[in-house]
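Engineer: Sharing a structure below in structure tokens format, with a few things to ask.
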Amino acid sequence: MTIYAETSDTPLTTTQKIRNNRLYLLMDCDWTVAIDSPLSDSKKAEWVKYRQALRDLPSSYTDEDDYSDVVFPTQPS
């Protein structure tokens, strides 16, 4: 796990910002795919799909893209 830190001399790139945000989103839902998760199998499958979409997200953008245009996947309800 890498957390990118911005400095006044080195601003974060779009892909670094995506990866930072993605890391926190993944950590926040780790419990959903744990063996002892209280979720049903169908709900777990929704979370697995969401988590994969988060992992795939950086490949959809480049550093030339504006971070404000990045669309993160929607968490299952």
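Engineer: Restricting the search to segment 30-74, which residues are of a type in the set (Asp, Glu) and either more than 29 Å from residue 12 (Cα to Cα) or part of a helix (DSSP H, G or I) (or both)?
Structural biologist: 30, 36, 41, 46, 56, 69
Engineer: Looking at this structure, is residue 56 among the acidic types (Asp, Glu) and touching a helix residue (DSSP H, G or I) at 6+ places or on another chain (Cβ under 7 Å)?
Structural biologist: It is false that residue 56 is among the acidic types (Asp, Glu) and touching a helix residue (DSSP H, G or I) at 6+ places or on another chain (Cβ under 7 Å).
Engineer: Residue by residue through segment 23-71, note down the ones that are within 12 Å of the chain's Cα centre (by Cα), open to solvent by less than 80 Å² (accessible area, probe 1.4 Å) and without any contact (Cβ under 8 Å) to a residue 12 or more places away in the chain.
Structural biologist: Answer for segment 23-71, where residues must be within 12 Å of the chain's Cα centre (by Cα), open to solvent by less than 80 Å² (accessible area, probe 1.4 Å) and without any contact (Cβ under 8 Å) to a residue 12 or more places away in the chain: 30, 56.
Engineer: Among 13, 74, 7, which is among the hydroxyl-bearing types (Ser, Thr, Tyr), touching a residue at least 24 places away in the same chain (Cβ under 8 Å) and open to solvent by less than 80 Å² (accessible area, probe 1.4 Å)?
Structural biologist: None of the other options fit; the residue is 13.
Engineer: So, one more: I need the full set of residues from segment 7-27 which are over 18 Å from residue 62 (Cα atoms) and either aromatic (Phe, Trp, Tyr) or assigned to a loop (DSSP other than H, G, I, E, B) (or both), in order please.
Structural biologist: Within segment 7-27, 7, 8, 9, 24 meet the criteria.
The values are calculated or read from the model by the stated rules, or taken from the named source; none is laboratory data. Predicted model only: the values in this text are computed from it and were never measured. As a convention, Cβ positions derive from the backbone with ideal geometry for all residues, glycine included, and neighbour counts pool all protein chains shown. Remember, those area values only see protein heavy atoms, side chains included, never the ligands or the DNA or RNA. Shrake-Rupley method; radii C 1.70, N 1.55, O 1.52, S 1.80 Å.
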